[in-house]
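Visitor: Mind having a look at this structure? Questions to follow.
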Amino acid sequence: MATPSPVLLLSATAAALGLHEFVLRRVEVDHLSLPIIVTASTLFWSTAYHSGFLFATSLAAAFWVPLTIWILLYRAFWHPLKNIPGPMGARLSKFWALKTTYETNFHYHNVLVALQKQYGDYVRTGPREVSIFDPAALQPVFGGASKTSKGPFYDVLEKSLHLNRDKPFHRQRRRIWDNGMKDSLADFAPRVEEFTEQLLTRLHKDNGKLVPLLDYATYYSYDVMTALAFGDAMGFIKGDSSGAADSILATFTNGLSAMGYMYHMPWLLNALTPFTSIAGPLKEWKDWSVVQMKARMAKPDTKPDFASHLINNSQDCLNILLGDSRLLVTAGSETTSTALTFTFMHLACHPHYMRAVRKEFREHLDTYHCDHPVPFLDAVIDESMRMWPSIFFGSQRLTPPEGLNINGHYIPGDTIVTIPPFVMYRDERNFARPNEFIPERWTTMPELVHNKTAFQPFSMGSYSCAGKALAKMELRSVIGRVINEFDVVLPEGFDEKEYFANVKDHMSSGPPPQMVRFVKLKE
Ligand code: HEM
């Protein structure tokens, strides 16, 4: 069997080192993962076909082995981030985060807390990634005047307001969203209340029975969002959802674990993206949403709503309209259901706060509107989101080419920076007694909040949550009205510590499944 000549082997090695020095060191290739895999495989198999398997394998080894060793040496010793402390595994590869996620059973948020303790406020958590735990970094990284841009994570899946890195496109699209949200707020309130009413009807039927809390919160949030995005709800709360709707919901909830790994490696998600339109569970979601959107577009617009606003402003591009409508559902569902679940769980664990929320809600009943603040209820919701934010992901940003100076620390250009919210919220510099659920810190005990800016559950700056007002309406409506009529009761033997210790980091935070009873009040 033929083997490559020494000159050819040396040329392959030289090509590998040249590729690293002149391309990989300077250009981000995360979004090219699929073309790279396809080109490398095609070259390998065509060489094997023409010159034999041994020949192709020897040549591939002469290219890939030195390239890998060189990349690892560069990352460990010569990379511009070499002076930023962090675990050696993380300096070499993001596979370290994957391995850690696996070993801790999706408790990467706790790993970050430990890293802060060990290495300080600026930790290298990936070859070109720095996790920052310094509250002074919030403005320079996320603030309106920040020079950062979105990181490679935002290149994955389909293009939408959220998943894109094109600043002018985002600015233009965000204006459409913000105007639509502003014009639709009055329309949202009755719709939100209508679904809360459906939830109350179901809870009355279930009175006192053990029910799966997270599932019910998920049914609620998916119904509201699909109604807003496509005109019709999926029918989960009423219990008349279609088989397709059930299967789509299962895809999203079962896919959470995969996201727990994938968000560390956007290049892998990127490589898989084209396949999501060809086959598999995400194709079902896409096909379903196309049918829904076509039906919605065919309906006469008797009363303009947010969906019609998106339709009217996406005339020239159906793909963007579909991307944004699906975004509305995905961005608004999991986040809200998680916040609902954790707030109910905190109230169930602290019944005196449940009674205080009820008392206040009843006192405000005459003037209640889910769009208006209800101070203690809002404080409970905020405190729950502080303890357990819906999103653990620290929103990747890329530093500008000239780098970024933050509080005396220089972060080189083209570095991925993240500020993980869970760590910020559990930091004593920001919140006194950070591991305790104390809603009064947001009302009568402001001395327990040392740094209010550190609390950003909806993120901040140009890319912050577009649905914050709507989310707050849903949370107030559901928590206020349900607690007004029901006690949330945990089953015998429930262990609060164990429950919260089992919260997982799937990029969003994953509450463990928990059965609870909604018991109708006697008065
Ligand atoms: C408790 C509920 C919610 C929380 C905690 C939350 C949190 C967040 C956060 C942290 C981001 C920034 C993500 C990033 O930087 O990558 C975000 C973005 C976004 N959220 Fe929410 N969200 C919630 C509910 C909603 C709802 C109900 C909607 C529906 C309208 C929504 C729509 C969006 C959109 C469209 C974006 C992308 C904005 C952009 O890129 O300009 N969210 N959300």
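The values are calculated or read from the model by the stated rules, or taken from the named source; none is laboratory data. Here the structure is a predicted model, which is why all the values come from computation and not from measurement. Here Cβ is always computed from backbone atoms with ideal geometry, including for glycine, and neighbour counts include all displayed protein chains. Heads up: the accessible areas ignore ligands, DNA and RNA and are worked out on the full protein's heavy atoms, side chains in. Shrake-Rupley method; radii C 1.70, N 1.55, O 1.52, S 1.80 Å.
Visitor: Please go through the stretch 464-501 and give me each residue that is assigned to a loop (DSSP other than H, G, I, E, B) and touching a strand residue (DSSP E or B) at 6+ places or on another chain (Cβ under 7 Å), ordered by number. Steps first, answer last, please.
Guide: Looking only at the stretch 464-501, we keep the residues that are assigned to a loop (DSSP other than H, G, I, E, B), and these are 464-467, 490-495.
Selection gives L490, P491.
Visitor: Can you report the number of residues in the stretch 52-99 which are in contact with a Lys or Arg (Cβ under 7 Å, 6 or more places away or on another chain) and aliphatic (A, V, I, L, M)?
Guide: 5
Visitor: Here is a list: L249, L318. Which entry is among the aliphatic types (A, V, I, L, M), away from the ligand (no atom under 16 Å from the Cβ), farther than 30 Å from W388 by Cα and without any contact (Cβ under 8 Å) to a residue 40 or more places away in the chain? Spell out the reasoning first.
Guide: Working: L249 fails: farther than 30 Å from W388 by Cα.
The unique qualifying residue is L318.
Visitor: Let me ask something else. Given the criterion closer than 20 Å to S221 by Cα, part of a helix (DSSP H, G or I) and in contact with a strand residue (DSSP E or B) (Cβ under 7 Å, 6 or more places away or on another chain), identify the matching residue among L282, L340, L347. Spell out how you get there, then give the answer.
Guide: Details: L282 fails: in contact with a strand residue (DSSP E or B) (Cβ under 7 Å, 6 or more places away or on another chain); L340 fails: in contact with a strand residue (DSSP E or B) (Cβ under 7 Å, 6 or more places away or on another chain).
The match here is L347.
Visitor: Can you tell me how many residues within the stretch 413-449 are in a loop (DSSP other than H, G, I, E, B) and touching a Gly at 6+ places or on another chain (Cβ under 9 Å)? Give the derivation first.
Guide: As a first pass, look at the stretch 413-449 and keep what is in a loop (DSSP other than H, G, I, E, B): 413-415, 419-420, 426-430, 432-438, 443-445.
Subsequent filtering for residues that are touching a Gly at 6+ places or on another chain (Cβ under 9 Å) retains 413-415, 419-420.
The number of residues fulfilling the criteria is 5.
Visitor: Being closer than 30 Å to H162 by Cα and over 24 Å from the mean Cα position of the chain (by Cα) is true for just one of L448, L404, L475. Which residue is that?
Guide: Sole residue among the options that is closer than 30 Å to H162 by Cα and over 24 Å from the mean Cα position of the chain (by Cα): L404.
Visitor: Would you point out which residue out of S160, S131, S146 is open to solvent by less than 50 Å² (accessible area, probe 1.4 Å), in a loop (DSSP other than H, G, I, E, B) and away from the ligand (no atom under 12 Å from the Cβ)? Reasoning before the result, please.
Guide: Values: S160 fails: away from the ligand (no atom under 12 Å from the Cβ); S131 fails: in a loop (DSSP other than H, G, I, E, B).
None of the other options fit; the residue is S146.
For (1) in a helix (DSSP H, G or I); (2) in the same structural domain as T253 (by TED's automatic domain parsing); (3) away from the ligand (no atom under 11 Å from the Cβ); (4) within 21 Å of the chain's Cα centre (by Cα), each residue gets a yes or a no:
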| position | (1), (2), (3), (4) |
| --- | --- |
| A137 | yes, no, yes, yes |
| P190 | yes, yes, yes, no |
| T196 | yes, yes, yes, no |
| N207 | no, yes, yes, no |
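Visitor: It is to be established whether one or more residues within the stretch 274-290 are within 29 Å of M473 (Cβ to Cβ) and open to solvent by 60 Å² or more (accessible area, probe 1.4 Å).
Guide: No, that holds for no residue.
Visitor: Here's a follow-up. Which numbered condition in (1) within 14 Å of E474 (Cβ to Cβ); (2) open to solvent by less than 50 Å² (accessible area, probe 1.4 Å) is the only one that Y219 fails?
Guide: (2)
Visitor: Turning to a different aspect of this structure: On the basis of being within 16 Å of the chain's Cα centre (by Cα) and either more than 9 Å from the ligand (Cβ to nearest atom) or surrounded by 21 or more Cβ atoms within 10 Å (Cβ to Cβ) (or both), does T418 make the cut?
Guide: Numbers: within 16 Å of the chain's Cα centre (by Cα): yes; either more than 9 Å from the ligand (Cβ to nearest atom) or surrounded by 21 or more Cβ atoms within 10 Å (Cβ to Cβ) (or both): yes.
Against the criterion (within 16 Å of the chain's Cα centre (by Cα) and either more than 9 Å from the ligand (Cβ to nearest atom) or surrounded by 21 or more Cβ atoms within 10 Å (Cβ to Cβ) (or both)), T418 qualifies.
Visitor: Next question, about the same structure. Can you confirm whether D121 is out of contact with any helix residue (DSSP H, G or I) (no Cβ under 6 Å at 6 or more places or on another chain), surrounded by fewer than 21 Cβ atoms within 10 Å (Cβ to Cβ) and assigned by TED's automatic domain parsing to the domain that holds M259? Quick ask: steps written out before the conclusion?
Guide: Details: out of contact with any helix residue (DSSP H, G or I) (no Cβ under 6 Å at 6 or more places or on another chain): yes; surrounded by fewer than 21 Cβ atoms within 10 Å (Cβ to Cβ): yes; assigned by TED's automatic domain parsing to the domain that holds M259: no.
No; evaluated as a whole, the condition is false for this residue.
Visitor: Filtering the stretch 329-349 down to residues that are open to solvent by 10 Å² or more (accessible area, probe 1.4 Å) and over 30 Å from P491 (Cα atoms), which residue is farthest from the ligand (Cβ to nearest atom)?
Guide: Selected residue: T330.
Visitor: Every residue in the stretch 235-250 that is closer than 15 Å to T196 by Cα and of a type outside the set (F, W, Y), please. Can you show your working first?
Guide: In the first step, residues of the stretch 235-250 are kept if they are closer than 15 Å to T196 by Cα; the result is 235-239.
The answer is G235, I237, K238, G239.
Visitor: Please find, within the stretch 383-412, the residue that is nearest to the ligand (Cβ to nearest atom) out of those that are part of a loop (DSSP other than H, G, I, E, B) and among the aromatic types (F, W, Y).
Guide: Step one: list which residues in the stretch 383-412 are part of a loop (DSSP other than H, G, I, E, B), which gives 388-390, 392-396, 399-403, 407-408, 412.
Filter once more, keeping what is among the aromatic types (F, W, Y): 388, 392-393.
Details: W388: 10, F392: 10, F393: 7 Å.
Here the answer is F393.
Visitor: Could you check, for the stretch 367-387, whether at least one of its residues is open to solvent by 10 Å² or more (accessible area, probe 1.4 Å), assigned by TED's automatic domain parsing to the domain that holds V329, more than 30 Å from A229 (Cβ to Cβ) and at pLDDT below 95?
Guide: Yes: one or more hits.
Visitor: Hey, another quick one. Say whether the condition of being exposed (fewer than 12 other Cβ atoms within 10 Å of the Cβ) and outside any helix (DSSP H, G or I) is met by at least one residue in the stretch 28-46.
Guide: no
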